[in-house]
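**Q** First, the structure itself, so that you have it in front of you.
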Amino acid sequence: MKHQQRGISFIGLLFVGGILAFTGVLMAQILPTVMEYQTILKTVNKAAGSGSTVGEVKSLFDKAATIDNIHSITGKDLEVTKEGDKTVVSFAYTREIHLAGPAFILLKYDGKSK
């Protein structure tokens, strides 16, 4: 009596491995942008809580951005407003990740201080 073999074929294994490798490379490129977004959000919250004027908030952000190695936005890109007695800082920016040839992934980030 013959038993049928079960499992994945070599071609199937190559296909699954290729998809996993592509996903890993993509995540390795996206993860630093997400970490930078988290750093920007933390820095914006700190600047909004410490600064009282628009210029002061932008200056505090620029100083912290130099220390934290933030390159996506600068103090000029921040929108500083007042809501009651609280300073609110908002920002928005995009990042492009090149895949191959004419293919890119566009990531849009925006945030606002608490």
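**Q** Provide a single number: the residues in segment 96-114 that are basic (K, R) and at pLDDT below 95. Walk me through it before giving the result.
**A** Pass one, segment 96-114, residues basic (K, R): 108, 112, 114.
Those left that are additionally at pLDDT below 95: 112, 114.
Residues meeting the conditions: 2.
**Q** Regarding segment 25-39, can at least one residue be identified that is among the acidic types (D, E), out of contact with any helix residue (DSSP H, G or I) (no Cβ under 6 Å at 6 or more places or on another chain) and within 22 Å of H98 (Cα to Cα)? Lay out the reasoning, then the answer.
**A** From segment 25-39, those among the acidic types (D, E) are 36; that's our starting set.
From what's left, out of contact with any helix residue (DSSP H, G or I) (no Cβ under 6 Å at 6 or more places or on another chain): 36.
Keeping just the survivors that are within 22 Å of H98 (Cα to Cα) gives 36.
Within segment 25-39, one or more residues are among the acidic types (D, E), out of contact with any helix residue (DSSP H, G or I) (no Cβ under 6 Å at 6 or more places or on another chain) and within 22 Å of H98 (Cα to Cα).
**Q** Pick from F61, F91: which is of a type in the set (F, W, Y) and under 13 Å from the mean Cα position of the chain (by Cα)?
**A** Values: F61 fails: under 13 Å from the mean Cα position of the chain (by Cα).
Going through F61, F91 in turn, the sole match is F91.
**Q** Then there's this: Taking I30 as meeting all but one of (1) touching a Ser or Thr at 6+ places or on another chain (Cβ under 7 Å); (2) part of a helix (DSSP H, G or I), write down the number of the exception.
**A** So the condition that I30 fails would be (1).
**Q** Suppose we keep only residues that are among the small types (G, A, S) and either out of contact with any Leu (no Cβ under 9 Å at 6 or more places or on another chain) or part of a helix (DSSP H, G or I) (or both) within segment 89-110. Which one would you say is farthest from V44 (Cα to Cα)?
**A** Taking segment 89-110 and keeping what is among the small types (G, A, S), we get 90, 92, 100-101, 103.
Keeping just the survivors that are either out of contact with any Leu (no Cβ under 9 Å at 6 or more places or on another chain) or part of a helix (DSSP H, G or I) (or both) gives 92, 100-101, 103.
Details: A92: 12, A100: 34, G101: 36, A103: 32 Å.
Ranking the qualifying residues of segment 89-110, first place goes to G101.
**Q** Can you tell me how many residues within segment 73-88 are within 17 Å of D110 (Cβ to Cβ) and either part of a loop (DSSP other than H, G, I, E, B) or under 20 Å from the mean Cα position of the chain (by Cα) (or both)?
**A** Residues in segment 73-88 being within 17 Å of D110 (Cβ to Cβ) and either part of a loop (DSSP other than H, G, I, E, B) or under 20 Å from the mean Cα position of the chain (by Cα) (or both): 7 in total.
**Q** From G101, G18, G55, which residue is out of contact with any Ser or Thr (no Cβ under 7 Å at 6 or more places or on another chain), small (G, A, S) and exposed (fewer than 10 other Cβ atoms within 10 Å of the Cβ)? Give the derivation first.
**A** On the way: G18 fails: exposed (fewer than 10 other Cβ atoms within 10 Å of the Cβ); G55 fails: exposed (fewer than 10 other Cβ atoms within 10 Å of the Cβ).
It is G101.
**Q** Looking at I70 and the list (1) without any contact (Cβ under 8 Å) to a residue 60 or more places away in the chain; (2) assigned to a helix (DSSP H, G or I); (3) among the aliphatic types (A, V, I, L, M); (4) surrounded by 15 or more Cβ atoms within 10 Å (Cβ to Cβ), which single condition is not satisfied?
**A** Checking I70 against (1) without any contact (Cβ under 8 Å) to a residue 60 or more places away in the chain; (2) assigned to a helix (DSSP H, G or I); (3) among the aliphatic types (A, V, I, L, M); (4) surrounded by 15 or more Cβ atoms within 10 Å (Cβ to Cβ), the one that fails is (2).
The values are calculated or read from the model by the stated rules, or taken from the named source; none is laboratory data. Keep in mind that this is a model prediction, so the values were computed, not measured. Reconstructed Cβ throughout: ideal geometry from the backbone, glycine too, with neighbour counts over all protein chains shown.
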